[in-house]
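Participant: First the structure, which I've put down as structure tokens, then a few questions once you've had a look.
The values are calculated or read from the model by the stated rules, or taken from the named source; none is laboratory data. Being a predicted model, the structure only gives us computed values, none of them experimental. Heads up, the Cβs are rebuilt from the backbone with ideal geometry, glycines too, and the neighbour counts pull from every protein chain shown.
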Amino acid sequence: IPVKFNKVTGDYRSFYNAGQLKEEGKFDDSVKVGRWREYHQFGTGGRLKKETLYAKDKFDVTPAEVLVERDDKGKIIYEAPKKVKKKEDEDN
């Protein structure tokens, strides 16, 4: 885990006691940023459990948003609504 001035910065991975990947993402001065992925533990082959989108950097106050969550069989139990980008009127 990269640490600068007692703050975690950069790529991060944590593991279950048995060695399987538990979660991965990035920190910016000990603040989770960008896309984070959590994985199920035993018997699921490292299947994705949850994917969360955090702010783009430590200064961004955008709240975290769960993008998708899956059960231990891989079935989607929650998926965030797709955001539609609004096209601005060209007349303005």
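Participant: Mind checking which residues of the stretch 33-52 are of a type outside the set (D, E, K, R) and either buried (at least 17 other Cβ atoms within 10 Å of the Cβ) or in a loop (DSSP other than H, G, I, E, B) (or both)?
Facilitator: Across the stretch 33-52, the qualifying residues are Val33, Trp36, Tyr39, His40, Gln41, Phe42, Gly43, Thr44, Gly45, Gly46, Thr52.
Participant: Tell me which residues, restricted to the stretch 25-42, are charged (D, E, K, R) and either over 15 Å from Asp60 (Cβ atoms) or touching a helix residue (DSSP H, G or I) at 6+ places or on another chain (Cβ under 9 Å) (or both).
Facilitator: Answer for the stretch 25-42, where residues must be charged (D, E, K, R) and either over 15 Å from Asp60 (Cβ atoms) or touching a helix residue (DSSP H, G or I) at 6+ places or on another chain (Cβ under 9 Å) (or both): Arg37, Glu38.
Participant: Out of everything in the stretch 1-32 that is in a strand (DSSP E or B) and at pLDDT below 90, what residue ends up being surrounded by the most Cβ atoms within 10 Å (Cβ to Cβ)?
Facilitator: Only one residue tops the list, namely Val8.
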